Each structure stands twice: as structure tokens, then as C-alpha cells.
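Have a look at the structure below, then the notes.
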Amino acid sequence: MITAVQLTKRFDDYEALSGLDTTIPSGAVYGLIGSNGSGKSTFLRLVSGIYRPDAGSVTVGGEEVYENPSVKNRLFFVSDDIYFLPQATMDEMADFYRGYYSAFSRERYEKLCGIFPIDPKKRLHTFSKGMKRQAALVLALACQPEYLLLDEAFDGLDPVIRGAVRKVIADDMAARSMTTVITSHNLRELEDMCDHVGLLHGGRIIFEKEIDDLKLGFCKVQAAFRPMVEAETLKERVDVMQLDVRGSMVSLIARGGREDVIAALEGLSPLFVEAVPLTLEEVFIHEMEAVGYDYNNVIF
């Protein structure tokens, strides 16, 4: 479990994190989103023990991280700004990490090298941005950490490699109950992976929920009417949060269960009515509005 209590970090006069509180359960895949400068990378550097908090605390498995080698042996941080030893190959970096991580697995390393299209004997400084990120992920997973921290994990990866990354992380989650924290600007990137998601803004996590809970209580429906039903009539039938009318077609997002919303609309004799899946972004927008934040201003 990762726990932050009133976690604060300052850089000169700038307060990057301001009294942040969160608890990330063991075995969770936690997606942390926020705009540039919201404090995502700072949070991961505090969790990994690179930075020392100026106030408050952050613990991993109940222990402080800063200058605690036994805790750092159990976590791996893949920074957005990836660094390797000068002139090193992947094989040489693997030997380097084997000296620091007691759970490093050469077998796992070689298996991962066979999954990703990168040459472990080539100098890493010759790799493209996407190839360097693949190399960093291979090395991280070969260390078999209990906690994996990924800053913009999918940046520079093509769709095929993104799929491979998701699979190998899921495999490690299943095999070892690994706790994973992934930062991103993009909710769509996190939707298929995460079971928890949080929004970081102004140095604090202002909203977080389990994804299953996040999607409860909302329903997206498409329907067709002839003649067209007035918008006010629709709003009288269901608790409409978003409404889009195009000709005889209606697309709406409403509060309530799927069966109840469809039943209410069927009372208006539609040509057809069907529920369609909500994206995580759509749910998050309306949850954010409910707590008084304009999602577009916060994220974009």
C-alpha cells in the first residue's frame, strides 16, 4: 500500500504538491492524471524516494521511503526522462540492476527481450525514444518489483507496442500482485488498464475512485423518435446530464441505471432505443462537474 498524508514538496517559492492525501491499495493499477505542472512526476519521485518531503509523509508498505534501501529494493520508477549509463547496452544495464535488486530475474529479462523488438546488445544511446522506453520497461519488469511507478508510460510507443506493454504489466500483476501507478495526460490511455483513477490538480488529488464505482449510476443512450420529442419532455422523463439532438436521433447521458433510463424513454414510443458504453472520460467529466470543477479547464 502507498499512503500519502498531507504530502508537500516545494521548489524555492513554487509549491508542487500541497497537502496531498491518498491511499493506493496493494495490487491496484492506479491511474493518475493531470495537466502539465500538476505535480504528477513530483509525486512519483517522492514515492520512489528520490525527493524528500518538505512536510507530511509518504510510505510504501508502511515504511518511509527516503534513504531506505530495503523499501527501494521493492520498487522501480520509470521516469518520463529516461536515463541509462553512458554507452551502456541493455545487457549491461541488466547486469547493473541485478546488483541492486534482489528479485532480479535473468530468465524474466530474456523472455521480455524476446517479446519486444529491440536488440539488447546495441548501445542504448542509439535507440529511438520509443525503443528507450521499451528498454526501460523490460529492465523494470525484470527487477520484479512489488511497486512499479510509470511516468507517462506509453509516450512514444506505437499501438502494437502499447498493447504488448499492457499485457506484460497485466501478467506481472496476476503473477505477483504488483502495485502499479501510471501517470498520464490521457484518460483513454488508462481506461483498459486501471482499476483506480485519480485527478491531480493544484498540488492535490481532488478526485479519485475505483473505476467500477465511477461507472455506476450513469447511462448513455441513443434513441430515434418520429416525430421528434422535445428536449424538455426528455428531461422530465430522465435526469439528463448531456443531450445531443441531430435530426430524429438523440444521444444522451443520464443519471440512473440502464434499465430504468431505457424504460423511461420507451414510454415516449421511440423508433428504437439502446444503451451504449460510456468512456471513462465521459464519466469523469460529469463526476468532476458534480464536485464543482470544470473538467476542460482542469485537464486541458
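The values are calculated or read from the model by the stated rules, or taken from the named source; none is laboratory data. Because the structure is predicted, anything quoted here is derived from the model rather than measured. Please note: Cβ atoms are built from the backbone with ideal geometry, for glycine as well, and neighbour counts cover all protein chains shown. SASA here: full protein model, heavy atoms, side chains in, ligands and nucleic acids out. Shrake-Rupley method; radii C 1.70, N 1.55, O 1.52, S 1.80 Å.
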Would the range 142-153 turn up any residue that is of a type in the set (D, E, K, R), out of contact with any strand residue (DSSP E or B) (no Cβ under 8 Å at 6 or more places or on another chain) and modelled with pLDDT under 90?
no
Across the range 160-184, what is the number of residues that are closer than 24 Å to Val60 by Cα, touching a residue at least 40 places away in the same chain (Cβ under 8 Å) and surrounded by 15 or more Cβ atoms within 10 Å (Cβ to Cβ)?
10
Run down Leu137, Leu157 and say which single residue is closer than 28 Å to Asp192 by Cβ, in the same structural domain as Thr179 (by TED's automatic domain parsing) and buried (at least 22 other Cβ atoms within 10 Å of the Cβ).
Leu137
If you take the residues of the range 106-134 that are over 21 Å from Leu148 (Cβ atoms) and among the basic types (Lys, Arg), which of them is most open to solvent (accessible area, probe 1.4 Å)?
Lys121
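Residues are listed down the side, and each one gets a yes or a no for (1) of a type outside the set (A, V, I, L, M); (2) part of a loop (DSSP other than H, G, I, E, B); (3) touching a Pro at 6+ places or on another chain (Cβ under 9 Å):
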position: Leu85; (1), (2), (3): no, yes, no
position: Phe104; (1), (2), (3): yes, yes, no
position: Glu107; (1), (2), (3): yes, no, no
position: Gly114; (1), (2), (3): yes, no, no
position: Ile118; (1), (2), (3): no, yes, no
position: Gln134; (1), (2), (3): yes, no, yes
position: Leu137; (1), (2), (3): no, no, no
Restricting attention to the range 13-34, does a residue exist that is out of contact with any strand residue (DSSP E or B) (no Cβ under 8 Å at 6 or more places or on another chain) and either of a type in the set (Lys, Arg) or closer than 20 Å to Asp80 by Cα (or both)?
no
Tell me, please, whether a residue that is open to solvent by less than 10 Å² (accessible area, probe 1.4 Å) and either not assigned by TED's automatic domain parsing to the domain that holds Glu208 or not in a strand (DSSP E or B) (or both) can be found in the range 10-25.
no
